[in-house]
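Asker: The following block contains the structure, expressed as structure tokens.
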Amino acid sequence: MGLLDKIKDAFRKTSEKISTSIAGKKIDEIFIQEIEDALITADVGVETSAELAKKISHIKFSRETSDAEVKQFLANEICTLLKPYESNFFDGSFAHNPEIILVVGINGNGKTTTVAKIANIFKASGHNPLLVAADTFRAAATDQLKYWAERVDVNICVGPEKSDAAGLVYDAIKLSNTSNDVILIDTAGRMQNRSDLLDELEKVKRVIKKLDDSAPHKTIMILDGLTGQAAHSQVETFLNKIGIDGIIVTKLDGTAKGGALISLTRKYKIPILAIGIGENLDDLKPFNAEEYSRAILGI
Ligand SMILES: Nc1nc2c(ncn2[C@@H]2O[C@H](COP(=O)(O)OP(=O)(O)OP(=O)(O)O)[C@@H](O)[C@H]2O)c(=O)[nH]1
Ligand SMILES: [Mg+2]
């Protein structure tokens, strides 16, 4: 399957939902309302869905307007909304050496898998990543990252179970090999209501700053695409507590809520670095507004 087909396939649940509301209908008020509802169900967000529906109602579509034209129109509008939130995260060189990247988010959102996927992309483009297993709560978490480090064939730094995450991160950066030009730190999942765990994350950040005041150069929040609008409160908490430079939404392959990126960017104005569309190493795609907009409409 080609790359675009793979992305399109991942968004099949979302696009089918929207397509059903468009298929073979004449463009009248009921049609507009159905599209608006379908967009809301796809997690596009209430305001944006209403605005998009309104735009359709203002267009003088002819009687012969095809479903394809309506979809193309929506895809263009969505692309315009998302274009400002593309990033050059995977485009080659880093501004710092090493580039220090902290990966955060609540439990089970896909942090560890995504760290591996990012390392895989960087390695393929000639970088030499070091992974840091700073989720020291569970031995299994370290083993999971070790497994990925072997698969991707990159260096990894681990500590004993229950050891201090901040201490491990400090040592990992301090003792890292000079050939490691990018350091990816996997952290433990923390629910947004566990302020003690969020404090620990703040500590990790402080410790990184002791070694390099400009770091972490990117703090990436991982969000689960299945979460729906509840993702917003997660972003809010992490944004206020430690700051977020980029978002990656995972598991978009398993949900009809593929529109989530639209409401997230509208509200938080944070770049989307990539999207997760499967469990394999190559299932992380740098975010491209046009590709995404077409995929959620199935075109
Ligand atoms: N379908 C699908 N599954 C994913 C994706 N990303 C991650 N997963 C799966 O989601 C589950 C949790 O992923 P992890 O990477 O362990 O998540 P985590 O955030 O590190 O979890 P904790 O460390 O426990 O907080 C695993 O079974 C992954 O294979 C994705 O893009 N698509
Ligand atoms: Mg993990």
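Asker: Please specify each residue of region 35-59 satisfying the condition of being of a type in the set (Asp, Glu) and either open to solvent by 60 Å² or more (accessible area, probe 1.4 Å) or in contact with a Cys (Cβ under 9 Å, 6 or more places away or on another chain) (or both).
Answerer: Asp37, Glu47, Glu51
Asker: Of all the residues that make up region 139-161, how many are in a loop (DSSP other than H, G, I, E, B) and in contact with a Lys or Arg (Cβ under 9 Å, 6 or more places away or on another chain)?
Answerer: Matching residues across region 139-161 total 4.
Asker: Return the only residue of Gly228, Gly189 being assigned by TED's automatic domain parsing to the domain that holds Ala116 and surrounded by fewer than 18 Cβ atoms within 10 Å (Cβ to Cβ).
Answerer: Of the residues listed, the single one that is assigned by TED's automatic domain parsing to the domain that holds Ala116 and surrounded by fewer than 18 Cβ atoms within 10 Å (Cβ to Cβ) is Gly228.
Asker: State which residue pairs qualify: first residue polar (S, T, N, Q) and inside region 134-146, second residue within 10 Å of ligand 1 (Cβ to nearest atom) and part of a loop (DSSP other than H, G, I, E, B) in any location, beta carbons under 9 Å apart, and separation of 6 or more residues or different chains.
Answerer: Thr136/Ala188; Thr142/Asp135; Gln144/Asp135; Gln144/Arg138
Asker: Can you tell me which residues in region 215-244 are within 20 Å of Arg194 (Cβ to Cβ), at pLDDT below 95 and not in a helix (DSSP H, G or I)?
Answerer: Once the filter is applied, which keeps residues that are within 20 Å of Arg194 (Cβ to Cβ), at pLDDT below 95 and not in a helix (DSSP H, G or I), region 215-244 yields Thr227, Ile242.
Results for (1) assigned by TED's automatic domain parsing to the domain that holds Lys251; (2) touching a Ser or Thr at 6+ places or on another chain (Cβ under 8 Å); (3) under 29 Å from His232 (Cβ atoms), shown as yes or no for each residue.
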position	(1), (2), (3)
Ile121	yes, no, yes
Ala149	yes, no, no
Val158	yes, yes, no
Glu161	yes, yes, no
Leu184	yes, no, yes
Leu198	yes, yes, yes
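Asker: Continuing with this model, one more query. Hey, among the residues in region 271-282 that are more than 16 Å from ligand 2 (Cβ to nearest atom) and either surrounded by fewer than 23 Cβ atoms within 10 Å (Cβ to Cβ) or without any contact (Cβ under 8 Å) to a residue 24 or more places away in the chain (or both), which one's nearest to the chain's Cα centre (by Cα)?
Answerer: Among those residues, the one meeting the criterion is Pro271.
Asker: On to the next question. Which residues, taken from region 149-195, are within 22 Å of the chain's Cα centre (by Cα), more than 17 Å from Leu102 (Cβ to Cβ) and hydrophobic (A, V, I, L, M, F, W, C)?
Answerer: Passing the criteria: Ala149, Val152, Met191.
Residue-by-condition table, conditions (1) within 13 Å of ligand 1 (Cβ to nearest atom); (2) open to solvent by 30 Å² or more (accessible area, probe 1.4 Å):
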| position | (1), (2) |
| --- | --- |
| Thr113 | yes, yes |
| Ala124 | no, yes |
| Asn128 | no, yes |
| Ala134 | yes, no |
| Ala140 | yes, yes |
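Asker: Name the residues in region 104-128 that are part of a helix (DSSP H, G or I), within 11 Å of ligand 2 (Cβ to nearest atom) and of a type in the set (A, V, I, L, M), would you?
Answerer: Val115, Ala116
Asker: Just the residues that are more than 16 Å from ligand 2 (Cβ to nearest atom) and either touching a Leu at 6+ places or on another chain (Cβ under 8 Å) or assigned to a helix (DSSP H, G or I) (or both), please, taken from region 175-187.
Answerer: Selection gives Ser176, Asn177, Asn180, Val182, Ile183.
Asker: Output the residues belonging to region 10-24 that are open to solvent by less than 80 Å² (accessible area, probe 1.4 Å) and touching a residue at least 24 places away in the same chain (Cβ under 8 Å).
Answerer: Ala10, Phe11, Thr14, Ser15, Ile18, Ser19, Ile22, Ala23, Gly24
Asker: Here is a list of conditions, (1) within 19 Å of the chain's Cα centre (by Cα); (2) surrounded by fewer than 21 Cβ atoms within 10 Å (Cβ to Cβ), and Ala119 meets all of them except one; can you say which number that is?
Answerer: (2)
Asker: While we're looking at this one, here's another question. Going by what's in this entry, would Gly189 be described as within 16 Å of ligand 1 (Cβ to nearest atom) and farther than 20 Å from Ala165 by Cα?
Answerer: no
Asker: Still on this structure: Would a scan of region 152-174 turn up a residue that is within 22 Å of Thr250 (Cα to Cα), in contact (Cβ under 8 Å) with a residue 40 or more places away in the chain and within 12 Å of ligand 2 (Cβ to nearest atom)?
Answerer: No, region 152-174 has no match at all.
Asker: Considering only region 245-299, give the strands (runs of 3 or more DSSP E) lying wholly within it that have at least 3 residues that are within 11 Å of ligand 1 (Cβ to nearest atom), on the phi < 0 side of the Ramachandran plot and assigned by TED's automatic domain parsing to the domain that holds Gln234.
Answerer: Hits in region 245-299: 246-250, 272-276.
The values are calculated or read from the model by the stated rules, or taken from the named source; none is laboratory data. The structure presented is a predicted model; accordingly, all values stated were derived computationally and were not measured. We place every Cβ from the backbone using ideal geometry, glycine too, and count neighbours over all the protein chains shown. These area figures cover heavy atoms from the full protein model, side chains too; ligands, DNA and RNA do not enter into them. Shrake-Rupley method; radii C 1.70, N 1.55, O 1.52, S 1.80 Å.
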